[in-house]
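Structure provided below as structure tokens; questions to follow.
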Amino acid sequence: MFSQTVRRCFSTTAAESFLSKHLTWLLRHGAASNRLSIRPDGYIRVNEVKNCSSALRLDPEELDEYLEYLVTTRIHKYLSVVEDYDVRIGGPTWWIRAKRHHANKSVDTSMKRINTTQELPLAVFAVDHGTGNLAAQHGIPQADDQFIHLLRVGPQENFIYGRGAHFPVCIFLDVEKLLAAGVQLFPTPDGHHVLTTGDENNTIPPSFFTKVVRIKLTQTELSWKRSQETPTSDVSTSTYSGHL
């Protein structure tokens, strides 16, 4: 993508200052408006940045030389560049991010990617019936913040009970298969959730599901009323191997 030599030293030029400020703003605040796919750890594909609408206002030669400078030197106060795997192409590509102050509050640059099933024994997508039905047919989509939010569950944890009313559909995922396919999974700092951008189409297809569980709630009416009491609820579950 870049030549082997840096044709210009950007350390003191006015062009460096302008490009640095523009890229820093773009990577912090402009990902959504420019339809850039951002990872949970803040990285965006360099090629996407070069071709987004905001970058088209810049001098293309100066921008390419400046990105080449960043890739070659890896020195910048506010930006970092790395070569890493890209599920879209099945190989490595260059990524760039702002080091801090991202507008997307789900982004956390301290996140480290999960590499083994020992780090993530079980991942679950828990949602309402409507979203669950769509996911069973078309895959799990990204949320409004561009990420798919999964629950991080220990192998022995009794996950189903206690979440019924809010998460009546629970889709269990094959973590080993996701990792083998190159889907990048990032645990959140609180340790309870995992964020991902999904596959090359920004989804998790049904082929990665191990089972789909629907929780059914039934209310039991008391034969006599007690003051300040509400009907109790019983929880039952049913498991599906395919569509709901």
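Bear in mind that the values in this text are calculations on the coordinates, not laboratory data. Since we're looking at a predicted model, the values are computed, not measured. Cβ: placed from backbone, ideal geometry, glycine included. Neighbour counts: every protein chain shown.
In bins 10 Å wide, starting from 0, what share of all Cα pairs of region 14-98 does each bin hold, as a percent?
17, 57, 25, 1
Counting other C-beta atoms within 10 Å, and keeping those with at most 15, which DSSP coil trypsin sites (Lys or Arg not before Pro) do you find in region 23-70? Could you put the intermediate results ahead of the total?
On the way: sites: ARG28, ARG35, ARG45, LYS50, ARG57; in loops: ARG35.
When the trypsin sites (Lys or Arg not before Pro) of region 23-70 are filtered for loop state and at most 15 Cβ neighbours within 10 Å, ARG35 remain.
Report, in listed order, any pair from LYS21/LYS112; LYS112/LYS211; LYS112/LYS177; LYS99/LYS177; LYS50/LYS177; LYS21/LYS50 with a Cα-Cα distance greater than 21 Å.
Numbers: LYS21/LYS112 26 Å; LYS112/LYS211 27 Å; LYS112/LYS177 19 Å; LYS99/LYS177 31 Å; LYS50/LYS177 32 Å; LYS21/LYS50 15 Å.
Violating the 21 Å limit, Cα to Cα: LYS21/LYS112; LYS112/LYS211; LYS99/LYS177; LYS50/LYS177.
How far apart, in nm, are two points set 7 Å out from the Cα along the Cα-to-Cβ line at ARG74 and at HIS129?
About 5.4 nm, to one decimal.
Let me ask something else. In the P(r) worked out for region 60-193, what percent of Cα pairs fall beyond 19 Å? Mind showing how you got there, number by number?
Details: 5525 of 8911 pairs.
The calculated P(r) of region 60-193 puts 62 percent of pairs beyond 19 Å.
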